Amino acid sequence: MSSSSGSAGPNWMERHPVMFAFSGLIIGALITATATYASQDDDDADDRKNVVATTEKPSGEITAPAVLQAGSTVHLSGWIKNVPDGYALWSYSEQVSSGKLWPQYAPCKINKAKTAWECPDLRVDGKGESPGSGWQVRVALVTAMDVVDIKAYAIAKEYKNQHPDGFASLPSDAIPIDEMKIIPG
């Protein structure tokens, strides 16, 4: 009698390799899921705390200086919490009437342990503007890709004298943190 008599021996695996591999994949997934479930502890309170911690929105505030004078250079600082991974804090001068932004050329430094941040040597724009033009400083969290765009803008503006009009607005994935009005100078 030949070995192709319909038995489920080795010949079956040779004739249906995809089904055999798929069956092995399903069984392996079930074993892994069971082991993962069994290894979890029963502390639901910790699980809820972790979910709450990951869903809190970033927040912060500009705390110094107390007044921003147009045309000055200031040391901007404040507090921040719940900064998502992959984000950097950036400061901008904004002409409110046009919505145009002029970014600082480097990100602010965040001390996550103290939830504090600082932006040294920020040039405050708006010098010589009328009081109605409405300048302000904004700080926002931006992604790594946004940082690349800001750096490209800064290089083009500084070395190639391009982009005199600033950014049209914050990047779509930016997270605004705070803003402060600039007193005309």
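The values are calculated or read from the model by the stated rules, or taken from the named source; none is laboratory data. Everything quoted here is computed from the prediction, not taken from an experiment. When we count neighbours, we look across all protein chains shown, and the Cβ atoms used for this are built from the backbone with ideal geometry, even at glycine.
Things worth noting here:
- Failed criterion for Val142 (all others in (1) crowded, with 19+ Cβ neighbours inside 10 Å; (2) more than 15 Å from Asp178 (Cα to Cα); (3) not acidic (Asp, Glu) hold): (2)
- Tyr105 being assigned by TED's automatic domain parsing to the domain that holds Ala156 and closer than 12 Å to Val137 by Cβ: no
- Summed over region 61-94, residues that are in contact (Cβ under 8 Å) with a residue 60 or more places away in the chain and assigned to a strand (DSSP E or B) total 13.
- Filtering region 107-125 to residues that are modelled with pLDDT of 85 or more and on the phi > 0 side of the Ramachandran plot leaves only Thr115.
- Gly86 fulfils the conditions (1) modelled with pLDDT under 85; (2) within 21 Å of Asp178 (Cα to Cα); (3) in contact with a helix residue (DSSP H, G or I) (Cβ under 7 Å, 6 or more places away or on another chain) except for a single criterion, (1).
- Residue selected from region 148-178 under the condition β-branched (Val, Ile, Thr) and at pLDDT 90 or above, by the criterion surrounded by the most Cβ atoms within 10 Å (Cβ to Cβ): Ile177
- Condition met for Tyr105 (among the aromatic types (Phe, Trp, Tyr) and under 17 Å from the mean Cα position of the chain (by Cα)): no
- For region 95-119, the set of residues classified as touching a strand residue (DSSP E or B) at 6+ places or on another chain (Cβ under 9 Å), among the aliphatic types (A, V, I, L, M) and part of a loop (DSSP other than H, G, I, E, B) consists of Val96, Ala106, listed by residue number.
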